[in-house]
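A.B. asks: Before we start, here is the structure in question, set down as structure tokens.
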Amino acid sequence: MDKTTAADIMSTELIVIQDDENVEEALKTLINYKVTGLPVVDKKGKMLGVLSEYDLIRQIAKNKRITSDIFLKKIEFSHPTETVNADAPIQEVIKKFVELKFRRLPVVDKKNKLVGIITRRDLMRMFYYRAKLT
């Protein structure tokens, strides 16, 4: 029986954004780190939601004209979001990815503090290395 947990495959070097950031900062972070979404946390690291490229495009598109004041507005993000506990079995993680079609799944501790993230790439890497070992 596979005893792999979310903690075993999650990335802990996190790129996050705080809930009080503005659109400009969010755009810079997504572009500079070449990611399509970010976990959104409060000042204490508690998981609040996820900000995706789609969220930003939707927020900017609400305006009739794109002017500089749009970029100073506070980010609008998706919340609540699905998460998984660090001790969740890998089968639960895989099931969530398949059913929800997410690109990333935040990993939280018992107090809902963000401790890691699992991406589709992390799952692919795990599958690849397991195939190489058998």
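A.B. asks: Within the stretch 1-16, work out how many residues are within 17 Å of residue 43 (Cα to Cα), in contact (Cβ under 8 Å) with a residue 60 or more places away in the chain and either among the β-branched types (Val, Ile, Thr) or surrounded by fewer than 16 Cβ atoms within 10 Å (Cβ to Cβ) (or both).
C.D. replies: 1
A.B. asks: Within the bounds of the stretch 72-87, is there any residue that is open to solvent by 80 Å² or more (accessible area, probe 1.4 Å), part of a loop (DSSP other than H, G, I, E, B) and among the hydrophobic types (A, V, I, L, M, F, W, C)?
C.D. replies: Checked the stretch 72-87: no residue is open to solvent by 80 Å² or more (accessible area, probe 1.4 Å), part of a loop (DSSP other than H, G, I, E, B) and among the hydrophobic types (A, V, I, L, M, F, W, C).
A.B. asks: Just the residues that are open to solvent by 100 Å² or more (accessible area, probe 1.4 Å), in contact (Cβ under 8 Å) with a residue 40 or more places away in the chain and either over 25 Å from residue 42 (Cα atoms) or within 16 Å of the chain's Cα centre (by Cα) (or both), please, taken from the stretch 91-116.
C.D. replies: Result: 103, single match.
A.B. asks: Does the stretch 32-48 hold any residues that are over 17 Å from residue 115 (Cβ atoms) and part of a loop (DSSP other than H, G, I, E, B), and which are they?
C.D. replies: 34, 35, 36
A.B. asks: Something else: Would you pick out the residues in the stretch 117-127 that are in contact with a helix residue (DSSP H, G or I) (Cβ under 9 Å, 6 or more places away or on another chain) and open to solvent by 60 Å² or more (accessible area, probe 1.4 Å)?
C.D. replies: Correct list: 120, 125.
A.B. asks: On the basis of being open to solvent by less than 100 Å² (accessible area, probe 1.4 Å), in contact (Cβ under 8 Å) with a residue 60 or more places away in the chain, of a type in the set (Lys, Arg) and at negative phi, does residue 130 make the cut?
C.D. replies: Here the answer is no, as residue 130 does not meet what is asked.
A.B. asks: Take the conditions buried (at least 17 other Cβ atoms within 10 Å of the Cβ), assigned to a helix (DSSP H, G or I) and in contact with a strand residue (DSSP E or B) (Cβ under 8 Å, 6 or more places away or on another chain) and apply them to residue 51. Does it pass?
C.D. replies: Against the criterion (buried (at least 17 other Cβ atoms within 10 Å of the Cβ), assigned to a helix (DSSP H, G or I) and in contact with a strand residue (DSSP E or B) (Cβ under 8 Å, 6 or more places away or on another chain)), residue 51 does not qualify.
A.B. asks: Still on this structure: Of all residues in the stretch 54-71, how many are assigned to a loop (DSSP other than H, G, I, E, B) and either open to solvent by 60 Å² or more (accessible area, probe 1.4 Å) or of a type in the set (Asp, Glu) (or both)?
C.D. replies: Summing the residues that are assigned to a loop (DSSP other than H, G, I, E, B) and either open to solvent by 60 Å² or more (accessible area, probe 1.4 Å) or of a type in the set (Asp, Glu) (or both) in the stretch 54-71 gives 4.
The values are calculated or read from the model by the stated rules, or taken from the named source; none is laboratory data. Keep in mind that what you see is a predicted model, and the values were worked out from it rather than measured. Note: ideal-geometry Cβ built from the backbone for every residue, glycine included; neighbour counts use all protein chains shown. These area figures cover heavy atoms from the full protein model, side chains too; ligands, DNA and RNA do not enter into them. Shrake-Rupley method; radii C 1.70, N 1.55, O 1.52, S 1.80 Å.
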